[in-house]
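For reference, the structure discussed in these notes is given below.
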Amino acid sequence: MWTEDAADFFEIDEPSPYMLMVADVKRNRRRHLTEEQKELFGIDKLNVPRSNIPAVTPVDYSARIQTVHAETNARYHALI
């Protein structure tokens, strides 16, 4: 995640270059579960996408954030 874009997706207002911080996914990025989905258990519950960035959104809508800044890691920043 580019440092400059992190606040568009997560409730975070500072860099997190070492993936040590946890932040909530912004409410406007979340998907609301149906009543049927809320009743699921185990792997079935885990397989329900929670946001429009599902690969990083666990069941509690949090995420471990790692930000990348162009000045400190230009090559990786350009890659992602």
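The values are calculated or read from the model by the stated rules, or taken from the named source; none is laboratory data. These numbers come from a predicted model, not from an experiment. All Cβ positions, even for glycine, are placed from backbone atoms using ideal geometry, and neighbour counts span all protein chains on display. With ligands, DNA and RNA removed, areas are computed over all heavy atoms of the protein, side chains included. Shrake-Rupley method; radii C 1.70, N 1.55, O 1.52, S 1.80 Å.
I'd like the full set of residues that are open to solvent by less than 30 Å² (accessible area, probe 1.4 Å), in contact (Cβ under 8 Å) with a residue 60 or more places away in the chain and not aliphatic (A, V, I, L, M), limited to the range 45-80. The answer is Thr67, His77.
Would you be able to say whether some residue in the range 18-28 is at pLDDT 90 or above, open to solvent by 40 Å² or more (accessible area, probe 1.4 Å) and touching a Leu at 6+ places or on another chain (Cβ under 9 Å)? Scanning the range 18-28 turns up no residue that is at pLDDT 90 or above, open to solvent by 40 Å² or more (accessible area, probe 1.4 Å) and touching a Leu at 6+ places or on another chain (Cβ under 9 Å). The criterion of at least 3 residues that are out of contact with any strand residue (DSSP E or B) (no Cβ under 9 Å at 6 or more places or on another chain) is met by the following helices (runs of 4 or more DSSP H) wholly inside the range 1-60: 35-38, 43-46.
Taken together, the residues in the range 1-17 that are open to solvent by 70 Å² or more (accessible area, probe 1.4 Å) and in contact with an Asp or Glu (Cβ under 7 Å, 6 or more places away or on another chain) amount to 1. Figure legend. Inter-residue proximity from the range 24-36: first residues more than 16 Å from Ala7 (Cβ to Cβ), second residues surrounded by 15 or more Cβ atoms within 10 Å (Cβ to Cβ) and of a type outside the set (D, E, K, R), beta-carbon distance below 8 Å, spacing 6+ or different chains. Indicated pairs: Arg31/Ser51; Leu33/Val48.
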